[in-house]
Each structure stands twice: as structure tokens, then as C-alpha cells.
Amino acid sequence: MNLILQSLTANRATLQRIADLAHPQNVVELASGVICCENLHTGDQFEQIKEQLAALAFQEQVDLYWKNSTQKLGDFKLLAMDMDSTLITIECIDEIADMQGLKPQVSAITESAMRGEIAFAESLTRRVALLKGLPATALQQVYDERLKLSPGAEKLLHTVQAAGLSTLLVSGGFTFFTDRVKSSLNLDFSHSNQLEIIDGRLTGRVSGNIVDAEEKRRTVERTCNALGISTDQAIVMGDGANDLAMMQIAGLSVAFRAKPIVRAQADVALNFVGLDGLLNVL
């Protein structure tokens, strides 16, 4: 088994100190801030060592990944991504609400849903209702002034697209944003919710069925079927509880700066590095 350690802030000495706990036969520097500890011994105390390593790494803002397979990027055919707080840094609905002076109320519901405390469909209905009467021009303002890609997003997408993977943006957010992000990044597919707008103002309702956790899972399945691949050939990235269903059917699931419930169930947890940290584990 190998162990990959990566960080944006920890120096080489810190990475080596963490690596030493694993007693590797060899340590290779893959890139600045990235090392691979090779041929680890997995004896009786292995689980205890893993816990110690995990605690120290988190304290030092280092991401770790236990690699006991030969998975590489070329084994996959699809990268499916959540949008809000995954591909982009913001929760769009929270920023729209800020235009109404309602960000604290909406953010509280968002956080509760992402932790899995309330159903996503219920949370979305409640949050969108608070936006009733807001001018639709607020959507463009959020896109222009607040929407930013997460660190490492462009490098990750450039690499996976060059490697021939298709890309899917599947979001519990809104088509206004996913359509624009899809176009700007040359993504292949997108699926999200449609805000109802009448006479230039939000009605406080969503048109059509809500894209919740199960719809996200179905979207990944439909996309894989359309591409003629299995879901084992999909990488799925997300951050909240509503991403778990689609992550569970993936060949590789990735939690990006995610809630604890998501980090605990993902194959890869990127807590501190950028989205391109995925490339280092593959």
C-alpha cells in the first residue's frame, strides 16, 4: 500500500514528519507539496497508525490518500461534479438571498441540508420561497460579481478533458448558473433546477421536478448509459449530503472541502488542496 500526502501550506519537513509515522520503505516527491510514501507495512498496528496519521495530517492541513489500487485517470470515462461549493466557491442561492438581505436565514437552511439534517427538496423549497419578488437581474449580478471557480478547477478540467473524459455538471442549484458555467468551461452535460420567473421577478417557486440526491444519482446513471459506460467508470465529486447517492455508485468518489458525513464516506477527501489534488492520487 502507498500513501499520498499533499498540502498547499505544509513544508517538506512537515510532510516528511507525517510520512515517518507510516514507516515507508521509500518516499518520492511527486510535485511541490506532494509526496508518495511507498510500500507501507500493514501489520497489526496499521489501523492505529492510520488514525494517528489522519489526526496529525488534518492538524497540519495536509490531505492524505491511502492508495492500494492501480487506478489511474485513463481508467475513467466521465467526471461528474456538483457545482455549488465544489466546482465553484459559493452557494449561489445564498448569494442571491444576500440581495434581499436574507443570506443568514437562507444559509442556515443550506447548511442544515448539506449536513443531511433536512431533506434537500424541502430545504430548496423553503429557500426559494424566501426569494419571491426578487428582480431576476440579481442572478446576473451574482454570476458577474461573486461566482468564482474553486482552486485547481481549471487545471483539473483541462487535464481530464485532454485525457478524453466527458464532463457532467449536476447540481441542486439553478440552470441560470449551470448553463453559463457549462458554456464557459466547455463541459459536455449539465442538469439542475429551473427558477420560475414571471414579469422579470422570481416567483419563489421552482419549475418542474427538483434535482435532489436521487435525481443526481439518476442523472449520473443516465449520462453513463448515454456514453455506453458503467458507473464504475465515473468519478463523482461533491461536498454535501445530497451528493452521497451519486457518489456511492461511482468508481471513485471525491469529497471536496466537504461536510463530515461526506468526507467519511468518500474514497478521496480533499480538505485543503484544490480540485486538482485529484490528479495526484491518480
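The values are calculated or read from the model by the stated rules, or taken from the named source; none is laboratory data. Computed from a predicted structure; not experimentally measured. Note: ideal-geometry Cβ built from the backbone for every residue, glycine included; neighbour counts use all protein chains shown.
Assorted remarks:
Rundown of residues vs (1) assigned by TED's automatic domain parsing to the domain that holds LEU147; (2) assigned to a loop (DSSP other than H, G, I, E, B); (3) surrounded by fewer than 16 Cβ atoms within 10 Å (Cβ to Cβ), yes/no style:
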position	(1), (2), (3)
ILE35	no, no, no
GLU47	no, no, yes
LYS50	no, no, no
LEU56	no, no, yes
ALA108	yes, no, yes
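- Every residue from segment 146-171 that is of a type in the set (Ser, Thr, Tyr) and assigned to a strand (DSSP E or B): SER166, THR167, SER171
- Conditions (1) assigned to a strand (DSSP E or B); (2) free of Cβ contacts under 8 Å to residues at least 12 places away in the same chain: number failed by ALA13: (1)
- Test for ARG127: is it in contact with a helix residue (DSSP H, G or I) (Cβ under 9 Å, 6 or more places away or on another chain), closer than 28 Å to GLU221 by Cβ, surrounded by 16 or more Cβ atoms within 10 Å (Cβ to Cβ) and in the same structural domain as GLN265 (by TED's automatic domain parsing): yes
- Of residues in segment 142-173 being without any contact (Cβ under 8 Å) to a residue 60 or more places away in the chain and loosely packed, with under 15 Cβ neighbours inside 10 Å, the one farthest from GLN100 (Cα to Cα): ALA162
- Scanning segment 130-140 for residues that are surrounded by 14 or more Cβ atoms within 10 Å (Cβ to Cβ) and assigned to a helix (DSSP H, G or I) returns ALA138, LEU139.
- Residue count for segment 189-228, restricted to those that are of a type outside the set (Lys, Arg) and within 14 Å of ASP82 (Cα to Cα): 12
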